[in-house]
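First the structure, in the form of structure tokens, and then the observations on it.
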Amino acid sequence: MSFNLTDLYRESIVEAAQAPRHHGQLTKKNASVELHNPSCGDVLVLDGYFKDNKLVDVAFSGYGCTISQASASLMTDHVLGQEISEIKNEVMLFSSLITDELSQAQKDHLGDCIMLEGVKEFPARIKCATLAWKAIYQLIENYEGQK
Ligand code: ZN
């Protein structure tokens, strides 16, 4: 399979970045993190509200490139409502998606997030795609550290 820059910025990725889901800040939250990706200039703030070991609300803000914004929109939409242990598994799956090969079953598990798979052909953009996933992992650690 071959990729070019047009594939990387497929319409669906651009749409996710331009009309992001779960964008903003939470008034009711019990964890928050801010992560930077200096290689691109992306800044991501992630708020979460956890209850009964589940992520019951999530929102992101900040600014960055199309890939980082699309990834944050897709990630938040995907993990909302999941249990903490499931989210940790999703983080590992997404990391493998853009650095390695996944089985079809694993890809099915990631849902719409697999549209970012093309990023693996562009090593300079991998940090943009993984920023949101590092953020959700740190958000969980932040929350668990308070308990
Ligand atoms: Zn970026």
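The values are calculated or read from the model by the stated rules, or taken from the named source; none is laboratory data. In this text, all values refer to a predicted model and were calculated from it rather than measured experimentally. Don't worry about glycine lacking a Cβ; one is built from the backbone with ideal geometry, like all the others, and counts go over all protein chains shown. Side chains are part of the model used for accessible areas, which takes the heavy atoms of the whole protein and leaves out ligands, DNA and RNA. Shrake-Rupley method; radii C 1.70, N 1.55, O 1.52, S 1.80 Å.
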Check your understanding: Do the conditions hold for A72, that is, is it open to solvent by 10 Å² or more (accessible area, probe 1.4 Å), within 11 Å of the ligand (Cβ to nearest atom) and assigned to a helix (DSSP H, G or I)?
Key -> no
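Conditions (1) touching a Leu at 6+ places or on another chain (Cβ under 8 Å); (2) open to solvent by less than 20 Å² (accessible area, probe 1.4 Å); (3) more than 16 Å from the ligand (Cβ to nearest atom), marked per residue:
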residue: H78; (1), (2), (3): yes, no, yes
residue: G81; (1), (2), (3): yes, no, yes
residue: K88; (1), (2), (3): no, no, yes
residue: S95; (1), (2), (3): no, no, yes
residue: Q104; (1), (2), (3): no, no, yes
residue: P123; (1), (2), (3): no, no, no
residue: N142; (1), (2), (3): no, no, yes
**Study point:** Only one of V33, V43 that is within 16 Å of the ligand (Cβ to nearest atom), open to solvent by less than 20 Å² (accessible area, probe 1.4 Å) and either among the aliphatic types (A, V, I, L, M) or at pLDDT below 95 (or both)
**Key:** V43
Review point. Taking the stated definitions as given, is F50 of a type in the set (F, W, Y), at negative phi and touching a strand residue (DSSP E or B) at 6+ places or on another chain (Cβ under 6 Å)?
Key: no
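From the list E101, E11, E15, E83, which residue is more than 13 Å from the chain's Cα centre (by Cα) and over 24 Å from R125 (Cβ atoms)?
Values: E101 fails: over 24 Å from R125 (Cβ atoms); E11 fails: over 24 Å from R125 (Cβ atoms); E15 fails: over 24 Å from R125 (Cβ atoms).
Result: E83 is the single residue among E101, E11, E15, E83 that is more than 13 Å from the chain's Cα centre (by Cα) and over 24 Å from R125 (Cβ atoms).
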